[in-house]
Every structure is written in C-alpha cells, then in structure tokens.
Amino acid sequence: MRLRWTFGARDDLVAIAEYIAQDNVTAARRWIARLRTQARRATRFPQSGRVVPEFGREDLREFIFHGYRILYLLRGDEAFVLTVFESHRQVRLTETDLEMTPE
C-alpha cells in the first residue's frame, strides 16, 4: 500500500510545524517526523486505524497520536492522509471532500 498526502494535510503539517517552531525549531522537526511515522502505519496495517466516528465510513479511518488526529482515506491500494489536527478541534471535512479524488 502506498501513502499519499493531500495538499490540505501537507498544509496542516506546515501549520503545526510553524506553531511549534515559534518556541523550538528542533522540537517542531521532531514532532512532524513523529506524525509522519504514525501516518505510515496505514501502509502496513490500513484497517488498524479506527473508523472516524463523525462519519462512520469504513474507508475513512484515523490514528490518534498524543492529542492529534490523523485522518486517512482508503482507496484501492492507496491511503490518502486528508488532515492532521489537534483532537480537541472539530473535523473540518465534509462528505463532499470525501467524494472528491484526493490530490
């Protein structure tokens, strides 16, 4: 299975990194690397993430890692990371976002 990042998910990582880098650039780099490592789990064990409760779709799953949610969509032999965000925030995806072919 191949892991792909949508533009939105990449933007999420940049925003997270910029926020953390305000205090510590090295910590920001390490944290982003850890989030990416967690997302790569989808390539080895695509069904291991839980179904996203807000949507209840088998093809939309997530990993929760130290207060962050990594949402990914399964399509064929690919997993698309759609968004990464702090778990206290609401999901910013709509059903329309999920029907579009990820970038």
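The values are calculated or read from the model by the stated rules, or taken from the named source; none is laboratory data. Keep in mind that what you see is a predicted model, and the values were worked out from it rather than measured. Cβ atoms come from the backbone with ideal geometry, glycine included; neighbour counts cover every protein chain shown.
Please tell me if Ile20 is part of a helix (DSSP H, G or I), within 13 Å of the chain's Cα centre (by Cα) and at pLDDT 95 or above. No.
The residues on offer are Thr43, Thr6, Thr94, Thr37, and the sole one that is modelled with pLDDT under 95 and either more than 13 Å from the chain's Cα centre (by Cα) or surrounded by fewer than 18 Cβ atoms within 10 Å (Cβ to Cβ) (or both) is Thr94.
Taking segment 37-65 as the range and being without any contact (Cβ under 8 Å) to a residue 24 or more places away in the chain and closer than 19 Å to Asp12 by Cα as the test, the residues that pass are Thr37, Arg41, Arg61, Glu62, Ile64.
Annotation note: of Phe45, Phe7, Phe65, the sole residue that is under 19 Å from Ser87 (Cα atoms) and of a type outside the set (Lys, Arg) is Phe65.
Just to be sure, is Glu58 of a type outside the set (A, V, I, L, M, F, W, C) and part of a loop (DSSP other than H, G, I, E, B)? So Glu58 passes the test.
Would you check if there is a residue in segment 72-86 being free of Cβ contacts under 8 Å to residues at least 60 places away in the same chain, under 21 Å from Met1 (Cβ atoms), not in a strand (DSSP E or B) and not aliphatic (A, V, I, L, M)? Taking every residue of segment 72-86 in turn, at least one turns out to be free of Cβ contacts under 8 Å to residues at least 60 places away in the same chain, under 21 Å from Met1 (Cβ atoms), not in a strand (DSSP E or B) and not aliphatic (A, V, I, L, M). Answer yes or no as to whether Glu62 is surrounded by 15 or more Cβ atoms within 10 Å (Cβ to Cβ) and of a type in the set (D, E, K, R). Against the criterion (surrounded by 15 or more Cβ atoms within 10 Å (Cβ to Cβ) and of a type in the set (D, E, K, R)), Glu62 qualifies. When you look at Val81, is it in contact with a strand residue (DSSP E or B) (Cβ under 8 Å, 6 or more places away or on another chain), buried (at least 18 other Cβ atoms within 10 Å of the Cβ) and of a type in the set (Val, Ile, Thr), yes or no? So Val81 fits the description; yes. Do the conditions hold for Tyr68, that is, is it surrounded by 14 or more Cβ atoms within 10 Å (Cβ to Cβ), modelled with pLDDT of 95 or more and hydroxyl-bearing (Ser, Thr, Tyr)? Judged against the criteria, Tyr68 is a match. For Arg89, the conditions (1) touching a Lys or Arg at 6+ places or on another chain (Cβ under 9 Å); (2) assigned to a loop (DSSP other than H, G, I, E, B); (3) crowded, with 16+ Cβ neighbours inside 10 Å all hold with the exception of (3).
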